[in-house]
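What follows draws every value from the coordinates through simple rules; no lab data is involved. All values derive from a computational prediction rather than experimental measurement. Positions of Cβ are generated from backbone atoms using ideal geometry, with glycine treated the same way; all protein chains shown enter the neighbour counts.
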Amino acid sequence: MSRWTLMLSEFDLKYVPLKVIKGRSVADFLADNPIKETEVIGTWSFPDENVVHVEKDIWDFYFDGASNYMRYGVGILLISPIGEHVPVSIKLDFNVTNNAVEYEACLLGLRSALDLGVKKLLVHGDSSLVINQVGGLWKIKSQSLAPYQTRIEELEKYFEDIRYVHLSREENQFVDALSKLATLINIPDHVNSMPICVERRSSPAYVNVINDTEEGETEA
């Protein structure tokens, strides 16, 4: 600083140092004087890309139970992290209470999730009794339901993360339909399972028939 002052005195100039340097000035200086050893990183290159990237690996599980004229059914829906749906409808050939059929649905769904290798699970149900009891908010007073709670606690140990969420009936309509379907159909004695396929169509079936017929005639 003293050297600069001495050199400028020859030209009748006075050097006054700045107290504050704006950030833009620093950026311009660094741009004009790059360090040769510095490696320029590409615009879309992220050194910690593998560390920052976190993949969602939590499955969603919806359950519901239904009873109809002494028939009982269970509805289960498992949704994978990539959106794949696994619907299950189970008919119960034994008598259970309304609360017990809800526990049956929850327990059977947990077992199905473990069979698929699920480690993290978010459980959804519209039964406040089951959700609050398995979630540890309410105590189980019924001796008939205690074995379900014991078995669920045993299965929970195989999950890395499991949480329970209470839903309204309107938000749980799909598995409600699955559980009621199981109570309405008669499964032959020699059959253990029946496939379920639910599709969505945006146009009447006759439209597709007409298009298929026209294409066949054109090809001929």
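Observations on the structure shown:
- Residues Tyr206, Tyr62, Tyr158, Tyr148 arranged by fewest to most Cβ contacts within 10 Å: Tyr206, Tyr158, Tyr148, Tyr62
- Counting Lys and Arg as +1 and Asp and Glu as -1 over every other residue whose Cβ lies under 13 Å from the Cβ of Arg111, the net charge comes to -3.
- Computed log₁₀ I(q)/I(0) - Debye formula, equal Cα scatterers, no solvent, the stretch 59-184, q 0.19 Å⁻¹: -1.03
- Note on the stretch 59-184: antiparallel DSSP beta bridges, both residues inside, total approximately 60 percent of the bridges counted.
- Euclidean distance between Cα centres, the stretch 97-153 to the stretch 67-85, Å: 14
- Per-residue Cβ neighbour counts within 10 Å put Asp60, Asp126, Asp115 in the sequence Asp115, Asp60, Asp126, beginning with the fewest.
- Counting neighbouring beta carbons within 10 Å and listing from fewest to most, the residues His166, His124, His85 come out as His85, His166, His124.
- Label-to-label distance, nm, for residues given as Glu160 and Glu84 (7 Å Cα→Cβ offset): 1.8
- For the stretch 157-174, Karplus couplings with θ = phi - 60° (6.51, -1.76, 1.60), whole Hz, Gly/Pro x: 5, 8, 9, 6, 8, 9, 9, 10, 10, 8, 10, 7, 5, 5, 7, 10, 5, 5
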